[in-house]
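Peer 1: This is the structure, below, for whatever I ask next.
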Amino acid sequence: MNERTALVTGANKGIGKHIARLLAAEGVTVYVGSRDPGRGQRAVEEIGAGARLLVLDVSDPDGIAQAAAQVDRLDVLVNNAGISLSLAPPAGTGVEEFRRTYETNVFGVVAVTNAFLPALRRSPRPRIVNISSGTASLTWSTNPNPQFTPGSGGAAAYRSSKAALNALTVLYAQTLAHDGFKVNALAPGLRATDLTPGAAAAGGDPAEAAQGALRLALLPDDGPTGGFFSWDGTPVPW
C-alpha cells in the first residue's frame with residue numbers, strides 16, 4: 001500500500017499546525033507549508049515523525065512552482081493559509097487591503113491547487129479541504145440565526161474573500177468529481193490564533209477545529225463533495 005501524503009499550507013502555526021500534527025498521527029507524511037523556513041522547521045520538529053518542511057508562499061507564483069516540483073504524488077491538500085488585516089466595513093476598507101487579502105485567501109488557493117493538481121491526480125483518493133469561515137455564509141450574513149451573529153458588515157475584505165473561496169470550492173468539486181476528488185470547505189469557528197487572538201476568551205481551541213479538517217481530509221469514497229461544514233461535521237448554509 002502506498003504511503004499517504006498531505007500538504008497543509010500555512011502550517012507553521014495555529015490551526016494549520018494542528019491539522020498537520022493530526023495527519024501525521026494518522027500515519028500520513030505531511031508537508032508543512034511555510035513561507036518562513038525557520039518557523040516551518042520549528043513546526044516540523046514539534047510535530048515530529050512524518051512531518052517535512054516545504055517552503056511555500058502562496059502569493060509567490062515562482063515559489064509555488066518550485067514547491068510543486070518537489071512533490072510527486074499528493075493525497076490531501078489543505079488550503080489553510082489565510083490573512084485578515086482589519087475588521088473594517090467595506091466603506092472603510094481601502095482597495096489595497098482587498099487586493100492583499102484576496103491575494104492570499106483566494107488567488108493563493110487557486111495558484112496552489114492548480115499547481116498541485118498533477119500530484120493529486122496520481123492519488124487514488126484525492127482530497128482538498130479549503131479552510132473557510134462561518135462569516136462567509138451569505139445565508140447567515142443576510143438572515144442571522146441564534147447560533148451565529150456575523151455583526152454589521154465588518155471584516156469586509158476577509159469575509160468576502162472567504163465567500164469567494166466557498167464558490168471556488170463548489171466549482172472545483174463539480175469539475176473534479178469525475179476524477180474521484182472530494183473538495184469541501186470547513187468553517188473552523190472562532191479560534192485563538194494569530195488571526196483572531198481575542199478568541200482565547202471564548203475558549204476557541206484551534207486543535208478542536210483541526211479535527212474537522214482531519215475528517216474532511218480522510219473522507220471515504222462515499223463521503224460528500226462540494227460541501228461547507230462546521231468543525232463538528234454539521235453542514236453550514238452557503
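The values are calculated or read from the model by the stated rules, or taken from the named source; none is laboratory data. Computed from a predicted model, the values in this text were never measured in an experiment. For neighbour counting, all protein chains shown are included, and Cβ atoms are generated from backbone atoms with ideal geometry for every residue, glycine included.
Peer 1: Would you check which residues across region 49-73 are polar (S, T, N, Q) and under 17 Å from the mean Cα position of the chain (by Cα) and list them?
Peer 2: Hit for region 49-73 is S59, nothing else.
Peer 1: Continuing with the same structure: Filter region 206-224 down to the residues that are crowded, with 16+ Cβ neighbours inside 10 Å and under 13 Å from I128 (Cβ atoms) and list them by number.
Peer 2: Passing the criteria: A213, L216, A217, L218, L219.
Peer 1: Let me ask something else about it. Check region 171-193 and report whether any residue there is under 26 Å from A25 (Cα atoms), β-branched (V, I, T) and at pLDDT 75 or above. Break it down into steps so the answer makes sense when it comes.
Peer 2: Looking only at region 171-193, we keep the residues that are under 26 Å from A25 (Cα atoms), and these are 180-193.
Now restrict to residues that are β-branched (V, I, T): 183, 193.
Next, only the ones that are at pLDDT 75 or above stay: 183.
Yes; the residues of region 171-193 include at least one that is under 26 Å from A25 (Cα atoms), β-branched (V, I, T) and at pLDDT 75 or above.
Peer 1: A further question on this structure: Residues R127, R122: which one is farther than 14 Å from T9 by Cβ and crowded, with 18+ Cβ neighbours inside 10 Å? Can you show your working first?
Peer 2: Details: R122 fails: crowded, with 18+ Cβ neighbours inside 10 Å.
Going through R127, R122 in turn, the sole match is R127.
Peer 1: Between residues in region 31-60 that are closer than 19 Å to N130 by Cβ and residues that are hydroxyl-bearing (S, T, Y) and part of a helix (DSSP H, G or I), which pairs lie under 9 Å by C-beta distance while being six or more apart or on different chains?
Peer 2: V58/T104; S59/T104
Peer 1: Quick test for you: out of S132, S137, pick the one residue that is farther than 22 Å from R21 by Cβ, among the polar types (S, T, N, Q), surrounded by 23 or more Cβ atoms within 10 Å (Cβ to Cβ) and in contact with a strand residue (DSSP E or B) (Cβ under 8 Å, 6 or more places away or on another chain).
Peer 2: Unique residue meeting the criteria: S137.
Peer 1: Sticking with this structure for a sec: Exactly one of these conditions fails for A69: (1) over 22 Å from R121 (Cβ atoms); (2) without any contact (Cβ under 8 Å) to a residue 12 or more places away in the chain. Give me its number.
Peer 2: (1)
Peer 1: Residue under question is L168, and the condition is that it be in a helix (DSSP H, G or I), touching a residue at least 60 places away in the same chain (Cβ under 8 Å), on the phi < 0 side of the Ramachandran plot and not β-branched (V, I, T); does it hold?
Peer 2: Yes; evaluated as a whole, the condition is true for this residue.
Peer 1: If you don't mind, another one. Please pick out the residue among R52, R73 that is among the charged types (D, E, K, R), closer than 21 Å to E26 by Cβ, modelled with pLDDT of 95 or more and touching a Phe, Trp or Tyr at 6+ places or on another chain (Cβ under 6 Å).
Peer 2: Exactly one residue qualifies, and that residue is R52.
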